[in-house]
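Report on one structure; see the data block that follows.
The values are calculated or read from the model by the stated rules, or taken from the named source; none is laboratory data. Predicted model only: the values in this text are computed from it and were never measured. With ideal geometry, Cβ positions are generated from the backbone for all residues, glycine too; neighbour counts draw on all protein chains shown.
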Amino acid sequence: MSERTALVNDLKVIAISFSSAIQIGDCTERTASVRQVAIQKYPDITGEEDEAYGDYPFFTREAPYYPLPTNQVLRTVNHQPHIHVERIKLTGLSGSSQIQIGNCQSIYADTKIKHIRYV
């Protein structure tokens, strides 16, 4: 992995949640996973029981994995020894997302959300 120094002059973030990250610099591997059930209902009106992960089979299914071809050759030329970022302004990161300023060999991110509304 090609290494460079990451320089960030100004970084403003309002919110980071649910297995998200801001990475300044290099990393070898990042794994992030979110399983979430969001419910909004009026109790005693719908007659429905509380929801759980086990009620939905997609929470237990494996995400598809697509391996990279092994016969590819990658040649990288970094013309500058630094990654220089003047300004980053983020409202938010959520659901296994990542802002990466630098190199990362492997990122695996998985988010499964079931949103239910009984109104």
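Please tell me if Arg75 is without any contact (Cβ under 8 Å) to a residue 24 or more places away in the chain, more than 13 Å from Val34 (Cα to Cα), exposed (fewer than 10 other Cβ atoms within 10 Å of the Cβ) and not hydroxyl-bearing (Ser, Thr, Tyr). Spelling it out, Arg75 is indeed without any contact (Cβ under 8 Å) to a residue 24 or more places away in the chain, more than 13 Å from Val34 (Cα to Cα), exposed (fewer than 10 other Cβ atoms within 10 Å of the Cβ) and not hydroxyl-bearing (Ser, Thr, Tyr). Restricted to the range 33-54, and to residues there that are more than 23 Å from the chain's Cα centre (by Cα) and assigned to a strand (DSSP E or B), the residue that is modelled with the lowest pLDDT is Lys41.
Among residues of the range 79-90 that are within 12 Å of Glu3 (Cα to Cα), those with a Cβ under 9 angstrom from a residue that is small (Gly, Ala, Ser) and assigned to a strand (DSSP E or B), sequence gap 6+ or separate chain, pair up as His82/Ala6; Ile83/Ala6.
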